[in-house]
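Enquirer: I have a structure here, written as C-alpha cells, and I will follow up with some questions on it.
The values are calculated or read from the model by the stated rules, or taken from the named source; none is laboratory data. Predicted model, so just to flag it, every value in this text is computed and none were measured. In this analysis, Cβ positions are derived from the backbone assuming ideal geometry, glycine residues included, and neighbour counts consider all displayed protein chains.
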Amino acid sequence: MIKAFISHSSAQKEFAQELVNTIGRDYCKIDCFDFEPAYKSIDEIFKAIDSCTIFVLLISKEALASSWVQKEIYKAKDELTSGQLEQFWPYIIDSSLKLDDVPSWMAKDECFNLKYFVSPEMLRKDIEQKIRRLIWRENPNIMARETTIIGRSIENEAFEDKRFSNRGRSLRGLIISGRNGVGKDAFAKQCLYKLGKPKEIEPYRISLDVKEGIENFIIYLNLYCREYSKSELEDILSSAPKEKANIAVKLLNKLYDSQTIVFVEDNMACVLPNREVSEWLVDVIENPELNKQIGLFIKSCISPNSYIESDYPKLAHIQLLPLNNTALN
C-alpha cells in the first residue's frame, strides 16, 4: 500500500498533524502517531522511511535546523538515489523562508518544483492528487472506473462548442443544471479533462444553500486558503459588495494557482429561485483580476434563464437531462 512518511520540525507539529488527519492515517506515517510513546531512535525513523514509498518534507527554518530532520532527509535522499524510495516531495510551509535557504541539491541539482503551502488543506489536496496518480498507475482498472462517463456525447459536444466559440477565451464559469442524480459532478469532471486538466485532479468543493451569499462563499474559500484571520474576516464581511467580490477573486486565484478548480453545489444561492443569477456571482465572474480560465463550476438544481449567456458572456450554461436507454447505447 502507498504510504507517505511526513518529515517535519516539532515547531510545525500542529500543521503536520492536521495534514495527516485530513489525508488519513492509513496513507501516512508520522512520529507523533506511529512511533512508540516515549521512544524515538534513528533506527525506528529509518525503519519507518523504509516502509514508505513517498517521503514528504515540510520545509521550514526550524526543519532545516533540526538534526533529526536532517537525518531523515539524507536517509530519504540515499533511498531515492538507490531506487528504494519512489517519490520525494518537498513543500515549503514557512512563508518567511527564502528559496535560497533551501539546500542547493534540492532546489538546483534535483530541480524540485518548490512551492509554498501555508494551508494544510491546500497541501492535502496536492498530496492526495499525487497519491491518486500513483494508485492509478498501479491499478489502471480503478482509473477507468473513476474517470469514464457514458452517454453524454451531446452535452460534451455542447461544451466543446462553447469552449471553442468566439467568446470561449472569455469564459470564467460554467453552470451545470439538472435534477439530483443526473451526473452533474461526473460531467463537470469530463469538462475538466477537455480543458487539459489531469484526470487525478480533485476540485475544491463548496456547498451554498438558499439565502447564502458572497459572505458564505468567502468564508468557505478562506477555510481552504487560510489567508485571513478571524478578525480580518469580520472586517471583510462587513465591507462593500465590490470589495467582497475582490476578496473572493483573490481567494479563488490562490486556489487556481495550486492547479485546481472549484465546484459549487448550488441550492438557489448562485442561480436564484427566479432563475436569475445572483449579483455577487456576476461581480466575481466579471472581475478583471479573476484568472483567465474556466475555474468555477456551479452545479445548480435550477436552470437559469435562457438569456444568461447573452447577458453574462463570461458564464456558460449546460443543462443535463435524465439519460434514456438510447443515450446509454
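Enquirer: Kindly indicate whether any position in the range 102-114 is at pLDDT below 95, surrounded by 15 or more Cβ atoms within 10 Å (Cβ to Cβ), of a type in the set (Phe, Trp, Tyr) and touching a Phe, Trp or Tyr at 6+ places or on another chain (Cβ under 7 Å).
Expert: Checking the range 102-114: not a single residue is at pLDDT below 95, surrounded by 15 or more Cβ atoms within 10 Å (Cβ to Cβ), of a type in the set (Phe, Trp, Tyr) and touching a Phe, Trp or Tyr at 6+ places or on another chain (Cβ under 7 Å).
Enquirer: Please go through (1) more than 23 Å from the chain's Cα centre (by Cα); (2) modelled with pLDDT of 95 or more for Glu289 and return the number of the only condition it doesn't satisfy.
Expert: (1)
Enquirer: Quick check: is even one residue across the range 135-142 surrounded by 18 or more Cβ atoms within 10 Å (Cβ to Cβ), aliphatic (A, V, I, L, M) and within 21 Å of the chain's Cα centre (by Cα)? If you could, list the steps in order and put the result at the bottom.
Expert: Of the residues in the range 135-142, the ones surrounded by 18 or more Cβ atoms within 10 Å (Cβ to Cβ) are none.
The answer is no; no qualifying residue exists.
Enquirer: Next up: Only residues in the range 266-277 that are in contact (Cβ under 8 Å) with a residue 12 or more places away in the chain count as the first member; pair them with residues that are among the acidic types (Asp, Glu), Cβ under 9 angstrom, at least 6 apart or cross-chain, and list the lot.
Expert: Within 9 Å, the pairs are Asp266/Asp209; Asn267/Asp209; Asn267/Glu212; Met268/Asp209; Ala269/Asp209; Ala269/Glu212; Val277/Asp311.
Enquirer: Here's something else I'd like to know. When residues of the range 228-259 are filtered for being out of contact with any Lys or Arg (no Cβ under 8 Å at 6 or more places or on another chain) and part of a helix (DSSP H, G or I), how many remain?
Expert: Qualifying residue count, the range 228-259: 22.
Enquirer: Kindly provide the set of residues from the range 153-184 that are surrounded by 15 or more Cβ atoms within 10 Å (Cβ to Cβ) and acidic (Asp, Glu), ordered by number.
Expert: Scanning the range 153-184 gives a single hit, Glu155.
Enquirer: All but one of (1) in the same structural domain as Ala269 (by TED's automatic domain parsing); (2) not in a helix (DSSP H, G or I) hold for Leu221, so report the exception by its number.
Expert: Of (1) in the same structural domain as Ala269 (by TED's automatic domain parsing); (2) not in a helix (DSSP H, G or I), only one is false for Leu221: (2).
Enquirer: Turning to a different aspect of this structure: Please state which of the following conditions Pro120 fails to meet, knowing it meets all the rest: (1) modelled with pLDDT of 90 or more; (2) of a type outside the set (Val, Ile, Thr); (3) over 28 Å from the mean Cα position of the chain (by Cα).
Expert: For Pro120, the exception is condition (3).
Enquirer: Please go through the range 182-215 and give me each residue that is in contact with a helix residue (DSSP H, G or I) (Cβ under 8 Å, 6 or more places away or on another chain), among the basic types (Lys, Arg) and touching a residue at least 60 places away in the same chain (Cβ under 8 Å), ordered by number.
Expert: Hit for the range 182-215 is Lys199, nothing else.
Enquirer: Can Ile142 be described as touching a residue at least 12 places away in the same chain (Cβ under 8 Å) and either more than 18 Å from Asn324 (Cβ to Cβ) or part of a helix (DSSP H, G or I) (or both)? Walk me through it before giving the result.
Expert: Details: touching a residue at least 12 places away in the same chain (Cβ under 8 Å): no; either more than 18 Å from Asn324 (Cβ to Cβ) or part of a helix (DSSP H, G or I) (or both): yes.
When the stated conditions are applied, Ile142 does not pass them.
Enquirer: So Ile127 ticks every box in (1) over 23 Å from the mean Cα position of the chain (by Cα); (2) surrounded by 13 or more Cβ atoms within 10 Å (Cβ to Cβ); (3) within 30 Å of Phe5 (Cα to Cα); (4) of a type outside the set (S, T, N, Q) but one. Which box is left unticked?
Expert: (1)
Enquirer: So, in the range 60-77, of the ones that are closer than 15 Å to Phe88 by Cβ and in contact with a strand residue (DSSP E or B) (Cβ under 8 Å, 6 or more places away or on another chain), which residue ends up modelled with the highest pLDDT?
Expert: Here the residue is Ala63.
Enquirer: If a residue must be exposed (fewer than 15 other Cβ atoms within 10 Å of the Cβ) and within 16 Å of Cys225 (Cα to Cα), how many such residues does the range 85-101 contain?
Expert: Residues that pass the stated criteria total 1.
Enquirer: Of the residues in the range 194-218, how many are of a type in the set (Phe, Trp, Tyr) and closer than 18 Å to Lys125 by Cα?
Expert: 1
Enquirer: Say we look at the range 185-213 and pick out the residues that are touching a Leu at 6+ places or on another chain (Cβ under 8 Å) and among the β-branched types (Val, Ile, Thr); which of these is surrounded by the most Cβ atoms within 10 Å (Cβ to Cβ)?
Expert: It comes out as Ile206.
Enquirer: Here's something else I'd like to know. Please count how many residues of the range 81-105 are closer than 18 Å to Thr53 by Cα and under 27 Å from the mean Cα position of the chain (by Cα). Spell out the reasoning first.
Expert: Narrowing the range 81-105 to residues closer than 18 Å to Thr53 by Cα: 81-91.
Filter once more, so that each one left must be under 27 Å from the mean Cα position of the chain (by Cα): 85-91.
Total satisfying the criteria: 7.
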